[in-house]
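*Asks:* Have a look at this one before I ask anything.
The values are calculated or read from the model by the stated rules, or taken from the named source; none is laboratory data. Nothing here was measured: the structure is a model prediction, and the numbers come from that model. Quick reminder, even Gly has a Cβ in these numbers, built from the backbone with ideal geometry, and neighbours come from all protein chains shown. Calculation scope for accessible area: heavy atoms of the full protein, side chains included, ligands and nucleic acids excluded. Shrake-Rupley method; radii C 1.70, N 1.55, O 1.52, S 1.80 Å.
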Amino acid sequence: MAPDPWFSTYDSTCQIAQEIAEKIQERNQCERRGEKTPKLTLTIRTLLKNLKVKIDLLKDLLLRAVSTRQITQLEGDRRQNLLDDLVTRERLLLASFKNEGAEPDLISLGISVSLYLSPVPAEHQWQHLG
């Protein structure tokens, strides 16, 4: 059985979110020191666009997997919860980028990665419905 691309895409999307949070913190530190940050701002903007594209891809992959019964409903629900968390993180990062919120909390942004890595009973992973 070929590996499911959803998880590798999810993992790379979480890494992008983490990188965005780090870049926002770096930009904010530079601004507090009175430094100009156009290059960092451009990098963050590009990463935010990439994050949106990856989230949209995850949505499409999940919809396709559920509609074609490649995964169980339980696994679909679990992935939807992970996806919902990513969308929330995207909104928080965008607000932080626009200085509408606090700096991103790197520890809390890593929570969904631990959810992703949490063990799921074997009978619920990769179960195909006939």
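*Asks:* Using Cα positions and a limit of under 27 Å, work out the lysines in reach of LYS54, with same-chain residues fewer than 8 apart set aside.
*Replies:* LYS23, LYS39, LYS98
*Asks:* State, to one decimal in nm, how far the label point of GLN25 lies from the label point of LEU42, with both points 7 Å from Cα in the Cβ direction.
*Replies:* 2.5
*Asks:* Taking the Cα centre of segment 5-97 as the origin and placing charges on Cβ (Lys, Arg +1; Asp, Glu -1), which of ILE16, THR72, TRP6 is farthest toward the positive end of the dipole?
*Replies:* ILE16
*Asks:* Follow-up. I'd like the carbon and sulfur percentage of the solvent accessible area for segment 5-97, probe radius 1.4 Å, heavy atoms only, ligands and nucleic acids excluded. Walk me through the numbers before you get to the answer.
*Replies:* Working: 2720 of 5100 Å².
The C+S portion of the solvent-accessible surface of segment 5-97 is 53 percent.
*Asks:* Starting from the Cα of LYS59, draw a straight line to each of the lysines and keep only those under 18 Å, dropping any in the same chain fewer than 8 residues away.
*Replies:* List returned: LYS49.
*Asks:* While we're on this one: Need one number: convex hull volume per residue for segment 5-97, Cα atoms only, in Å³.
*Replies:* Per-residue hull volume (Cα only) is 71 Å³.
*Asks:* State in Å² the accessible area per residue of segment 5-97; use a 1.4 Å probe, count heavy atoms of protein chains only, and round to the nearest integer.
*Replies:* Accessible area per residue: 55 Å².
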